[in-house]
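Take a look at the structure below.
The values are calculated or read from the model by the stated rules, or taken from the named source; none is laboratory data. Every value quoted in this text rests on a predicted model; they were computed, and no experiment measured them. Neighbour counts are summed over all protein chains in view; Cβ atoms, including those assigned to glycine, are modelled from backbone coordinates with ideal geometry.
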Amino acid sequence: MSDDRTKRASRRSRTDTAIERQKRIAKALGMSHVLDQPHRLAKHHALDCGNPQCLVCHSEKVFGNPTLQERKFIESHKMDNFGSCNPDQ
């Protein structure tokens, strides 16, 4: 029972931390309409417009380019000339 409570408490803490981080971003940019309902930022980024076809927010998805996370993965797992994986290069 206490294990469930600690998991729930840590999940709520992570959610609150994410909301506070997005609130700081919105406040710095003067987005007062976002600050009126701060819990909307739990699963929504402050700078995301909400339009999945937006070229500014979702250019990687629209044009089929790899995202930053995918580029980091590709760079860290490059193959050397002999075909073996060498992540230190």
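I'd like to check something: does segment 43-51 contain any residue that is more than 15 Å from the chain's Cα centre (by Cα) and either surrounded by 13 or more Cβ atoms within 10 Å (Cβ to Cβ) or at negative phi (or both)? Looking through segment 43-51, at least one residue is more than 15 Å from the chain's Cα centre (by Cα) and either surrounded by 13 or more Cβ atoms within 10 Å (Cβ to Cβ) or at negative phi (or both). Taking the criterion of being basic (K, R) and not in a helix (DSSP H, G or I), no residue of segment 18-36 qualifies.
Based on what the data block shows, is H58 within 14 Å of the chain's Cα centre (by Cα) and modelled with pLDDT under 85?
Answer is yes for this residue.
A quick yes/no check of all residues on (1) in a loop (DSSP other than H, G, I, E, B); (2) in contact with a helix residue (DSSP H, G or I) (Cβ under 7 Å, 6 or more places away or on another chain); (3) β-branched (V, I, T):
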| position | (1), (2), (3) |
| --- | --- |
| A46 | yes, yes, no |
| G50 | yes, no, no |
| L55 | yes, yes, no |
| E60 | no, no, no |
| Q69 | no, no, no |
| I74 | no, no, yes |
